[in-house]
Amino acid sequence: MHAFSYEAPTTVDQAVKLLAAAGDNARVFCGGTDLLIQMRNGVRKPLVLVDVKGIAEMRGISYDAKSGLRLGAAVPCIEIHESEVMHKHYPGLTEGAHLIGSLQIQSRASVGGNLCNSSPAADTSPSLLALSAIARIAGPSGTREVAVEKFFTGPGANVLKPGELVVEILIPAPAAHSSDRYIRMIPRNEMDIAIVGAGVSVTLDGDKVKAARIALAAVAPTPLLAPKAAESLIGKKLDETTAARAGELASEASSPIDDMRGTAEYRRHIVGVLTRRAVSIAAERARKT
Ligand SMILES: Cc1cc2nc3c(=O)[nH]c(=O)nc-3n(C[C@H](O)[C@H](O)[C@H](O)COP(=O)(O)OP(=O)(O)OC[C@H]3O[C@@H](n4cnc5c(N)ncnc54)[C@H](O)[C@@H]3O)c2cc1C
């Protein structure tokens with residue numbers, strides 16, 4: 001691997017200064033589970049790594065029934081899985097975080113890293129989209145908030161400018177009778193990348209759907225929302241027919257490619273299946289809240 005310098009700031013301000021000083025030569029280093037592999041392969045050659053794991057502001061999980069969740073971008077996925085608050089209020093996102101790699105990988109990998117690596121197949125991105133998450137970004141000109149649905153700009157690309165980092169992810173408190181679910185399909189039993197991922201959030205009003213968001217991974221250049229699929233559920237009773245219709249519309253919203261892990265046709269079919277299942281399970285969970 002090429003030579004690089006390593007910095008370990010303890011505040012966001014320090015991190016921003018280090019990143020800004022090195023410009024394009026710097027890279028945020030969190031769990032390193034994507035970045036180190038990219039550096040070994042020569043895909044990325046940063047000269048300065050700014051390790052954000054020692055920044056307390058980026059390591060917290062806090063929940064408030066009014067303002068919702070503040071999830072530090074550097075919180076390791078295993079801590080998300082161990083958090084009662086996360087299981088209770090955001091079970092789908094927690095599932096996504098707990099699917100990443102293995103327990104060893106999850107003890108390093110973060111949701112912030114999953115988001116900023118911006119893979120179309122990232123396992124926490126569909127849930128972030130379904131839950132209307134916002135990324136709080138710090139940079140040389142202050143802080144800004146970007147909705148995750150506006151964050152991705154292409155495969156492996158996002159709106160972050162040189163000198164910027166994601167400090168935390170903000171997610172609204174779930175409305176009454178709401179819940180979420182994430183399901184992915186991988187060709188092997190574990191340690192593989194999704195060929196389709198479906199993240200769904202549903203809010204019920206009695207036995208009808210009041211609000212829904214459906215998001216997909218690995219079937220387009222970026223993780224994406226399927227708004228027509230979600231709208232098809234609104235005001236309807238969630239049963240096999242309505243869930244299947246949402247699945248069909250989600251399939252139509254996808255634009256997968258053929259590759260060695262699955263054909264486009266197969267992926268489109270799986271989008272329908274996973275969406276239908278995720279919608280039904282999210283609704284079942286919402287009924288119990
Ligand atoms: C064996 C293995 C299995 C894996 N399995 C899965 C899987 O099943 N599902 C899945 O989705 N992924 C998987 N991954 C990929 C990886 O583990 C995840 O994407 C992980 O969430 C990345 O988080 P990290 O903290 O390690 O990020 P890092 O590798 O530290 O960073 C990733 C990228 O994001 C940038 N970055 C990180 N944090 C920030 C921040 N706060 N602000 C700005 N930029 C930032 C970095 O500069 C880098 O470009 C796997 C990786 C390995 C090695």
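The values are calculated or read from the model by the stated rules, or taken from the named source; none is laboratory data. This structure is a prediction, so every number in the text was calculated from the model and none was measured. So basically every Cβ, Gly included, is an ideal-geometry build from the backbone, and we count neighbours across all protein chains shown. With ligands, DNA and RNA removed, areas are computed over all heavy atoms of the protein, side chains included. Shrake-Rupley method; radii C 1.70, N 1.55, O 1.52, S 1.80 Å.
Restricting 289, 242 to residues that are surrounded by fewer than 24 Cβ atoms within 10 Å (Cβ to Cβ), assigned to a loop (DSSP other than H, G, I, E, B) and more than 22 Å from the chain's Cα centre (by Cα) narrows the list to 289. Here residue 170 meets the list (1) hydrophobic (A, V, I, L, M, F, W, C); (2) within 20 Å of residue 70 (Cα to Cα); (3) surrounded by fewer than 22 Cβ atoms within 10 Å (Cβ to Cβ); (4) without any contact (Cβ under 8 Å) to a residue 40 or more places away in the chain almost entirely, failing just condition (4).
Against the list (1) in a helix (DSSP H, G or I); (2) over 30 Å from residue 179 (Cβ atoms); (3) within 12 Å of the ligand (Cβ to nearest atom); (4) aliphatic (A, V, I, L, M), the condition residue 78 fails is (2). Going by the conditions given, is residue 190 within 15 Å of the chain's Cα centre (by Cα), over 21 Å from residue 19 (Cα atoms), within 13 Å of the ligand (Cβ to nearest atom) and open to solvent by 30 Å² or more (accessible area, probe 1.4 Å)? So residue 190 does not fit the description; no.
Name the helices (runs of 4 or more DSSP H) wholly within region 91-163 that hold at least 2 residues that are open to solvent by less than 30 Å² (accessible area, probe 1.4 Å) and within 11 Å of the ligand (Cβ to nearest atom)?
Ranges flagged: 91-99, 111-117, 125-130.
Looking only at region 54-90, residues that are open to solvent by 20 Å² or more (accessible area, probe 1.4 Å), in contact (Cβ under 8 Å) with a residue 24 or more places away in the chain and closer than 23 Å to residue 194 by Cα come to 2 in all.
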